[in-house]
Amino acid sequence: MAPRIKLLIIDPEDDFCKPDGALSVKDADKDMSRLAKMVKRILSHIRDIHITQDAHHSFDVAHPPFWRNVSNKHPDPFTIISADDVERGIWTPSVRSLRDKMLSYVRALEASARYPLCIWPEHCLIGSPGMNIVADLFAAVSMWEQEKAGAIVDYVTKGSNPFTEHYSAVKAEVPDPKDLSTQINTGLIETLKEADLILCAGEAGSHCLANTVRDIAEEFGDDYVKKLMLIEDATSPVPGFETQQDEFIHEMVGRQMQTTTTDKFDPRKI
């Protein structure tokens, strides 16, 4: 029986992948062009395609409008806000009644020790062109749908809850017990478990892809991690976060994640 190959593409959206995107990742356009060519090359071998999409509101904990300082100014993109900053009033939610809620949030975020609260440029706003899948990749996955009977791309949105960051497609950084969209995406995990090989690509290798793969590994357990294969030339880090991507790859390869490139992957050799 042919191996069950599933393709997981993280956030291949215009705001990340176009050079003029709101949160452009350097070389992401080239990453997705290479990935699109690979998808067309191995079309008949792909069992499923899962594509995640950031889907944010302007008023979001990681966007400037959410916060103000004592001068009533919003933070610049890439500002780091700590629990101490919130406690001392250096940064306060624009809706002041949210102060205690967000202090608890930033404390929980810091306790996880994964990422601090970073303010990003407003990006992938719900309904905006920035949420679109980059054109050449969209054409490739549409070809897969058209040429493979019954094939449907699984689009997975994340990030619409404005009170928690949602890098990973598996769960939010601090899940909200009252919001299922922030909790573990068991449907995605269970369908991926059925795969013989999960090809992982997308943006960014320092953040959303890294967290998604780590969370999949945690849910699978070490025995399943070897099913994961990172397409190294189909992901790039957010500029300034290159070390985080390198650390992610080193960590996961140490747990038996496989690696390949778009030109070298051969489904017949699985």
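We did not get these values from a lab; they are worked out from the coordinates using the rules stated. These figures come from a predicted structure and were not determined experimentally. Here the Cβ positions follow ideal geometry from the backbone for every residue, glycine too, while neighbour counts run over all protein chains shown.
A few remarks follow.
- Expected 222 nm ellipticity per residue - DSSP helices of 4 or more, -39500 (n - 2.57), all of the chain, to 500: -9500 deg cm²/dmol
- Taking other C-beta atoms within 10 Å as the exposure proxy, ARG96, ARG68 rank ARG96, ARG68 from fewest upward.
- Ordering of 238-248, 160-170, 146-156 by packing is 160-170, 238-248, 146-156, highest average first (other Cβ atoms within 10 Å, averaged per residue).
- For region 1-132, the relative contact order comes to 30 percent (Cα pairs under 8 Å, sequence separation of at least 6).
- Derived scalar couplings between HN and Hα for region 164-172 equal 8, 6, 9, 5, 7, 6, 7, 6, 6 Hz in order, rounded to whole Hz, by the Karplus curve 6.51 cos²θ - 1.76 cosθ + 1.60 (θ = phi - 60°), x for Gly and Pro.
- Anchor LYS73: lysines whose Cα lies under 24 Å away (excluding residues fewer than 8 positions away in-chain): LYS101
- Between CYS118 and PHE59, the modelled label-to-label distance comes to 2.6 nm, taking each label 7 Å out from Cα in the direction of the beta carbon.
- Per-selection Rg to Rh, region 120-179 - Cα, Kirkwood hydrodynamic radius: 1.07
- Ranked by how many other Cβ atoms sit within 10 Å of their own Cβ, fewest first, the residues VAL253, VAL39 fall in the order VAL253, VAL39.
- Among beta bridges from DSSP that stay inside the chain, the antiparallel ones total about 15%.
- Normalised by the number of residues in region 98-167, the average gap of Cα pairs under 8 Å and 6 or more apart makes the relative contact order 18 percent.
- Within region 1-135, the proportion of C-alpha pairs whose separation exceeds 17 Å stands at 67%.
- Largest-first principal axis extents, alpha carbons of region 64-118, Å: 30, 23, 16
- Amide H contacts under 5 Å for THR259, placed H, 5+ residues apart: LEU230
- Once C-alpha pairs closer than 8 Å and six or more residues apart are averaged by separation and normalised to the residue number of the chain, the relative contact order reads 25 percent.
- Sites HIS74 and THR261, calculated FRET efficiency, Cβ-Cβ separation with R0 45 Å, nearest 0.05: 0.65
- Total lysine pairs whose alpha carbons fall under 29 Å of each other in region 112-270 (8 or more apart, or interchain): 23
- Take the Cβ atoms of THR243 and SER94, set R0 to 35 Å, and the FRET efficiency comes out at 0.60.
- Fewest-first ranking of CYS118, CYS124, CYS17, using other Cβ atoms within 10 Å as the exposure measure: CYS118, CYS124, CYS17
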